[in-house]
Amino acid sequence: MAHVHVLSSDVIARIAAGEVVERPASVVKELVENALDAGATYVEVNLKEGGKSLIYIKDNGSGIVREDLGLLFQRHATSKITSAEDLEQVLSLGFRGEALYSIGAVAEVNVKSLATGLKDAWEIDVKGGVKEAARPVAMAGQGTEIRVKELFFNTPARKKFLKSDASEVEQVLNVFMPYVLLYPDRHFILTHNGRTLVDLAPAENVVERTAAALNLDARHLLSGEGALLQEGFALRLVLGDINIQRPRRDLQYLFVNGRPVQSRTVLFHVNDVYRLVMSEGVHPAFAIFLNVSPADVDVNIHPAKREVRIRQEARLGGFLRTQIEQLLMTRGGAKEIPAREPLFPFPSDVPISEGVPADKMIFSPGQSSDIPLCRPRPQNEEPVFSEFVAHFDQQRESSLKDRLLRARFIGTFAHKYHLFEEGQSLFVVDQHAAQERVLFEKFRRQLAAGAVEVERLLTPVVVSLTRQEKSAFDRLEDRLKLFGFEATVLDEGAIALHTLPSDLSDPAQVVRALLADDDLGAPGNTDVLARRACRASVMAGDRMKAEESVHQLKHLMACDDPFTCPHGRPVFVELKTSFFDRHFLRT
Ligand SMILES: Nc1ncnc2c1ncn2[C@@H]1O[C@H](COP(=O)(O)OP(=O)(O)OP(=O)(O)O)[C@@H](O)[C@H]1O
Ligand SMILES: [Mg+2]
């Protein structure tokens, strides 16, 4: 083995860079933060080839004086903190003095700057950590311009790991938009290969900015403020009302002390309160701006400063819940009924049970309805009631099919369950799960044959998209066509659907779900895609007539796998007479 030796500074720099700079989006995040820390009211970012060949950023902030320019690209060179105590009170976005050093280690960087009150601008270059002397340069106005070229030119492994330009742009949007929300009074521009993706002039207030940035209707946003003085908590909420329902949690933003952060606990509390007004399977949009005493947050636990730890988490959770509940309950608007409404939105949080053998599933009755009904059965665990049999047993399938086909329809319950009687058993069919199974298999067959049955619309359905979704659409338009969605672009924030696969009740949700799927771009695993499509969509048919229920059961029995919904939940349960006997104390 080689002797222990200290790595050369150039190797150290590349390793350190790996922690801060993962992809173009991380560079954009760091540079935007620097511009905002410098008090810029105008921040413009231009990308070329997904940011791989060029990331250009221009701001009108305080600029960097010549002497400081000379110190840039050194590790721990920062103007933002000086002592360890300062770490306890960080108010700026940056504080480590790591970002430019790391970027300079893995790219070709040029910085031009004209500092406040000075006449002469200066520039400096660095490539792969090697710096040149500062030179005078001409600049029109106060501020800083940074060009980052050929990212990862000296770390080919990293470079290879980058995704397509379009995917990298989506990642950039994901890091860029939180700052756009956080600083509504600043002007933000983002372009890619000369095309404008974001151009948002200063907004009146955070609600107006949120609506403009996320392409949401401001009428559906509620805002409120609250504080808990003793604990030092202050809160500003921008909450989407029940009219904004997303198939994913992609429009949920959290900011703590002026920094976009992630916190599972906080997100859990917020989403949980929304369950009071929103069904499972759809997710709300919100932006939560929280201020706590800087001494109560630790931002230093993640190198990219994404994750925060907050003291008094329990207190905070309670406070958040009350505030949100109050706002939603007192000011939340009524649900508007669009032309095509999902009757039973599918819970997208239920774990998909792919890979779990069917006989390992149990149906657990008696649990509260917000607990997913199916979960892998731990080894050796017996079903709770043996009379509640979710049917997954292969050998019994054919006789079961026969029994179900013979079964007599006796009614529906809660407009959700169809009841059938056969011999000594009551079969309870979950109408929604059954519909999903039928639709899924039909859709899968059509997809496999390359012939999706479509409905041509006289009036197109307009779907508003976030910038990320629009970017995904540009990339995936042709694949969407295979699914039966022919669409044209209306503007940067909306598309018009001219055809839909038949039977889909909420095309906007389905299109969003498809655009969110990374695999959609790859030549397809039709099963996964069909599942995606039908997950976000359920046929109409709330109150079914008796014939329809019987008809549905026939269709179901014609399916390859009638016993589970495409997401692995049981389609029906069988209750034997013995179950009722026991409950009536007859045994
Ligand atoms: N756009 C800018 N305008 C003015 N000063 C800047 C700008 N970008 C960087 N600087 C100066 O360069 C210094 C180093 O920036 P860098 O991003 O590397 O570190 P930082 O922001 O202090 O900390 P962090 O690593 O946490 O981002 C900053 O402290 C700031 O003084
Ligand atoms: Mg910084």
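Derivation of every value follows stated rules applied to the coordinates shown; laboratory data play no part. As the structure is a computational prediction, the values presented were derived from the model and not from experiment. Counting neighbours? That spans all protein chains shown, and the Cβs are built from the backbone with ideal geometry, glycine included.
General observations
- Label-reachable residues, segment 228-245, where backbone N falls under 14 Å from a point 7 Å from T330's Cα toward its Cβ: 237
- For V454, residues with placed amide H under 5 Å, excluding near neighbours: S502
- For trypsin sites (Lys or Arg not before Pro), no site in segment 40-107 is both called loop by DSSP and has at most 10 other Cβ atoms within 10 Å.
- Percent RCO, i.e. relative contact order, over segment 393-465, from Cα pairs under 8 Å lying at least 6 residues apart: 15
- Distances between placed amide hydrogens fall under 5 Å for G240 paired with L222, A285, F286, A287, all partners being 5 or more residues away or on another chain.
- Computed from backbone phi with θ = phi - 60° and the Karplus coefficients 6.51, -1.76 and 1.60, the 3J(HN,Hα) list for segment 459-472 is 10, x, 8, 8, 10, 7, 10, 6, 4, 5, 5, 5, 5, 5 Hz; x is used for glycine and proline.
- Only lysines eight or more places from K442 in sequence, or on another chain, were considered; those with a Cα closer than 26 Å are K401, K416, K481, K545, K554.
- Compared with the alpha-carbon gap, the fully stretched path from Q230 to E455 is longer by 75.1 nm at 0.36 nm per residue.
- Spatially proximal lysines relative to K52 (Cα-Cα < 17 Å; intrachain offsets below 8 disregarded): K29, K127, K149, K159, K160, K163
- Loop GluC sites (Glu not before Pro), segment 30-99, which have at most 16 other Cβ atoms in a 10 Å radius of their Cβ (DSSP): E88
- Filtered GluC sites (Glu not before Pro), segment 123-223: DSSP coil and at most 14 other beta carbons within 10 Å: E132, E204
- Inter-label distance for A546 and L482, nm, one decimal - labels placed 7 Å from Cα along Cα-to-Cβ: 4.6
- Taking 7 Å steps out from each Cα toward its Cβ at S9 and D199 produces label points 4.4 nm apart.
- Cα-based shape type of segment 206-331, given that a ≥ b ≥ c are square roots of the gyration tensor eigenvalues and the cut on a/c is 1.5: prolate
- In this label model, R586 and E85 are separated by 8.0 nm, measuring between points 7 Å along each Cα→Cβ vector.
- Backbone amide hydrogens, once placed in the peptide plane, bring L197 within less than 5 Å of L190, T191, H192, excluding anything fewer than 5 places away on its chain.
- Backbone HN-Hα couplings from phi across segment 32-41 [Karplus 6.51/-1.76/1.60, Hz, Gly and Pro as x]: 5, 4, 4, 4, 5, 4, 7, x, 4, 9
- Each residue of segment 158-172 was assigned a 3J(HN,Hα) from its phi angle through the Karplus curve 6.51 cos²θ - 1.76 cosθ + 1.60 (θ = phi - 60°); the sequence is 4, 4, 5, 6, 5, 8, 4, 3, 4, 5, 5, 5, 4, 5, 4 Hz, with glycine and proline shown as x.
- Anisotropy class of segment 9-200 from Cα gyration tensor, a/c 1.5 cut: rounded
- Per residue, the average separation of C-alpha pairs within less than 8 Å and at least 6 apart gives segment 206-331 a relative contact order of 27 percent.
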